[in-house]
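Here's the structure we're looking at; comments come further down.
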Amino acid sequence: EYGSSTWFKVSTLSLESLKLAMRTPETRVSLDDPRSLPRRPHIKRVSWVGGYLDGVTVPISEDLTALIGGRGAGKSTVIESVRYALGIRPISEQMTRDHEAIVDHVLNVGTIVRVEVESVTPTFQSYTIQREVPHSPVVLDSTGMRTNFTPADVIGTVEVFGQHELAELSGDSESIAELIR
């Protein structure tokens, strides 16, 4: 057929990226124009001003992000920072205590967590959800002006789980049922 196209999802325009795309075609090769597919809101990056991760920015992939590192690398701090900025409470009692300990003793009063998101409803828009410990989250528009939106207004329902929380929940059938719901 004349005029057909194939789209490859690559990180850089290189032969190595194309070879990688061909090794995993189900996730990196499309016959449909990706611009025509419906977009969903997503977190683009997380950054900190002050605290343990001062000056750090972590990009978040639209497809999958896994945090891998040794003890003390900050994996739990990143996860709990996102949860804190979005105003999401952990679903287990132990993780609630762990979450509060990280906010109180690692993030510390005065630390600002910024979560940059892309929203698609009602139109494509960029927002920054910003939360300074111990205050409530605020949503800034793309120009940095404060809005009346809540984090849920711009990103929708988000669920955040750390490895310890998933391990804790896996041993309790009632928690597994809640997780599936």
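Numerical summary
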{"item": "Cα centroid separation, the range 38-116 to the range 140-181 (Å)", "result": "11"}
{"item": "Solvent accessible area, Å² - Met145, 1.4 Å probe, full protein context", "result": "120"}
{"item": "Heavy-atom accessible area ranking, 1.4 Å probe, most first, across Asp104, Asp172", "result": "Asp104, Asp172"}
{"item": "Sequence of Thr128, Thr150 when ordered by accessible area, the most exposed leading, probe 1.4 angstrom", "result": "Thr150, Thr128"}
{"item": "Environment charge of Thr57, counting only residues whose C-beta is closer than 14 Å and scoring Lys/Arg +1, Asp/Glu -1", "result": "+1"}
{"item": "Spin-label model distance (nm) - Ala152 vs Asn108, 7 Å beyond Cα toward Cβ", "result": "3.3"}
{"item": "Accessible-area value, Phe161, 1.4 Å probe, nucleic acids and ligands omitted, Å²", "result": "60"}
{"item": "About the Cα centre, charge dipole magnitude for the range 94-181 (Lys/Arg +1, Asp/Glu -1 at Cβ), debye", "result": "360"}
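The values are calculated or read from the model by the stated rules, or taken from the named source; none is laboratory data. Quick caveat: nothing in here was measured; it's all calculated off a predicted structure. Positions of Cβ are generated from backbone atoms using ideal geometry, with glycine treated the same way; all protein chains shown enter the neighbour counts. Side chains are part of the model used for accessible areas, which takes the heavy atoms of the whole protein and leaves out ligands, DNA and RNA. Shrake-Rupley method; radii C 1.70, N 1.55, O 1.52, S 1.80 Å.
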